[in-house]
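Encoded as structure tokens, the structure appears first; notes follow it.
The values are calculated or read from the model by the stated rules, or taken from the named source; none is laboratory data. Treat the numbers as computed from the prediction; the structure is a model and nothing was measured. Cβ placement follows ideal geometry from the backbone for every residue including glycine, while neighbour counts extend to all protein chains displayed.
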């Protein structure tokens, strides 16, 4: 799989994530600070990487910022992205099952190398399956209702 990997700031844990993705046979496509090695605006970084996922240039994404919150909010503004902020392996597995998330968001500040590997294992080893399909369908319906309302605002 091609994985969009982005962050707004460089952090040492990024190398652990890249190494684990390579070990699992994934190709990493770098965005933001992961590519430039310098601070970049989190909203812009999230948009660029999320658009790569939306367009099919990348299959999924792993996005990081200081808390993981901002980058997840920004990513979720891009249609077709279901970004989940996950601080532990069970949450990452649940995001796959119940939300069919296609972007994993993590906190640069709190992520240790060992926890990063455990979260990635839960993310990649948990298939979406059918259990969360009804919820994802309902989410699309909610999004459609609100997209129509926003389009009416001039």
Self-check item: Residues being assigned to a helix (DSSP H, G or I), within 14 Å of the chain's Cα centre (by Cα) and farther than 18 Å from residue 73 by Cβ - total across region 95-110
Solution: 1
Quiz prompt | Enumeration of residues in region 23-42 that are under 25 Å from residue 125 (Cβ atoms) and over 17 Å from the mean Cα position of the chain (by Cα) | solution = 23, 24, 25
Quiz item: In region 111-142, what residues are buried (at least 16 other Cβ atoms within 10 Å of the Cβ) and not in a helix (DSSP H, G or I)?
Solution: 111, 126, 128, 132
Quiz prompt | Subset of region 46-67 (residues that are part of a helix (DSSP H, G or I) and either modelled with pLDDT under 95 or in contact with a helix residue (DSSP H, G or I) (Cβ under 7 Å, 6 or more places away or on another chain) (or both)) | solution = 46, 47, 50
Quiz item: residue 77 versus (1) within 23 Å of residue 117 (Cβ to Cβ); (2) part of a loop (DSSP other than H, G, I, E, B): which is the lone unmet condition?
Solution: (1)
Exercise. Restrict the check to region 69-91 and report whether at least one residue is crowded, with 24+ Cβ neighbours inside 10 Å, within 12 Å of the chain's Cα centre (by Cα) and over 24 Å from residue 142 (Cα atoms).
Key: no
